[in-house]
1. Just to be sure before I move on: is Val34 assigned to a loop (DSSP other than H, G, I, E, B) and at negative phi in the structure I sent?
2. Inspect the range 90-98 for any residue being part of a strand (DSSP E or B) and within 12 Å of ligand 1 (Cβ to nearest atom) and give the result as yes or no.
3. Here are Asn5, Asn66: which of them is surrounded by fewer than 16 Cβ atoms within 10 Å (Cβ to Cβ), within 21 Å of Ala184 (Cα to Cα) and either modelled with pLDDT under 95 or more than 16 Å from ligand 2 (Cβ to nearest atom) (or both)?
4. Within the range 56-66, which residues are not in a strand (DSSP E or B) and not small (Gly, Ala, Ser)?
5. Can Leu49 be described as within 24 Å of Glu173 (Cβ to Cβ) and either more than 7 Å from ligand 1 (Cβ to nearest atom) or touching a helix residue (DSSP H, G or I) at 6+ places or on another chain (Cβ under 9 Å) (or both)?
6. Can you tell me which residue among Asn69, Asn48 is on the phi > 0 side of the Ramachandran plot and in a loop (DSSP other than H, G, I, E, B)?
7. Restricting to the range 136-154, and then to whatever is open to solvent by 20 Å² or more (accessible area, probe 1.4 Å) and not in a helix (DSSP H, G or I), can you tell me which residue is farthest from Ile40 (Cα to Cα)?
8. Which one of the conditions (1) open to solvent by 40 Å² or more (accessible area, probe 1.4 Å); (2) assigned to a loop (DSSP other than H, G, I, E, B) does Asn128 fail to meet, given that it meets all the rest?
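The values are calculated or read from the model by the stated rules, or taken from the named source; none is laboratory data. It should be emphasised that the depicted structure is a prediction, and the values quoted were computed from it without experimental measurement. We place every Cβ from the backbone using ideal geometry, glycine too, and count neighbours over all the protein chains shown. The area values use the complete protein model at the heavy-atom level, side chains included, leaving out ligands, DNA and RNA. Shrake-Rupley method; radii C 1.70, N 1.55, O 1.52, S 1.80 Å.
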Amino acid sequence: MKIINSDLEKIAFLKEQYPDESLPEIAFCGRSNVGKSSFINSILDRKNLARTSSKPGKTRTVNFYNANNEFRLVDLPGYGYAQTSKSEKKKWAQVIETYLNNRRNLYEVFLIVDIRHKPTVQDKEMYNWIIQSGFCGFVIATKLDKIGKTMIKKNLNIIKKELCIDDDNLIYEYSSTSKKNKEAVMEQLEMILKYGSGIE
Ligand SMILES: Nc1nc2c(ncn2[C@@H]2O[C@H](COP(=O)(O)OP(=O)(O)OP(=O)(O)O)[C@@H](O)[C@H]2O)c(=O)[nH]1
Ligand SMILES: [Mg+2]
């Protein structure tokens, strides 16, 4: 799959602001600052289309990225950012839930985690929701370039254990910086778009 055209089609806060449901969508969720927006840039081969920041809490809306006019990658706000007020947290959670619970054209939801860190309670809750909703449960363990080779397997095993993943095909070690494993992830995205998601 080659992505020739991409653009930020829509920034939405409320469901009334979402684009129509004519194109399949694949969404990416995870903790603040894990690298969701950077992941989308790397897949779309765009440096700065999705805005990123070294400070957590950058993406606060549901951002729809149109690719080739064939499908959309959806960037969600991160959760678990400690330095924010209770009411802000609630607002972001609502933005995420509204999207995930109201999209008939949602083919798959990926969980993005930082390969250096053990998944949090919220990651586990999010992952359980993904599985219970009938999605496959793909995980991108990103920031691979930030750890030494000897740590990769060990850290992947911790992530698999914490999220109760026993199928190695569900988890991708990844780096948005080096683009390690981009081809494999692109192939997976292509498969999802071709055959649809696990949900009926
Ligand atoms: N070295 C390295 N840095 C990365 C990678 N992915 C993301 N980063 C950096 O991590 C920081 C956070 O990245 P974002 O893509 O903004 O993270 P996010 O998950 O979208 O964050 P929120 O929008 O706050 O939820 C930025 O400084 C990125 O440059 C990666 O694969 N390798
Ligand atoms: Mg972001």
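1. It is true that Val34 is assigned to a loop (DSSP other than H, G, I, E, B) and at negative phi.
2. no
3. Asn5
4. Within the range 56-66, Pro56, Lys58, Thr59, Arg60, Thr61 meet the criteria.
5. yes
6. So the residue among Asn69, Asn48 that is on the phi > 0 side of the Ramachandran plot and in a loop (DSSP other than H, G, I, E, B) is Asn69.
7. At the first step, the residues of the range 136-154 found to be open to solvent by 20 Å² or more (accessible area, probe 1.4 Å) are 136, 143, 145-154.
Next, only the ones that are not in a helix (DSSP H, G or I) stay: 136, 143, 147-148.
Numbers: Cys136: 19, Lys143: 13, Ile147: 21, Gly148: 24 Å.
So the residue we want is Gly148.
8. Against the list (1) open to solvent by 40 Å² or more (accessible area, probe 1.4 Å); (2) assigned to a loop (DSSP other than H, G, I, E, B), Asn128 comes up short only on (2).
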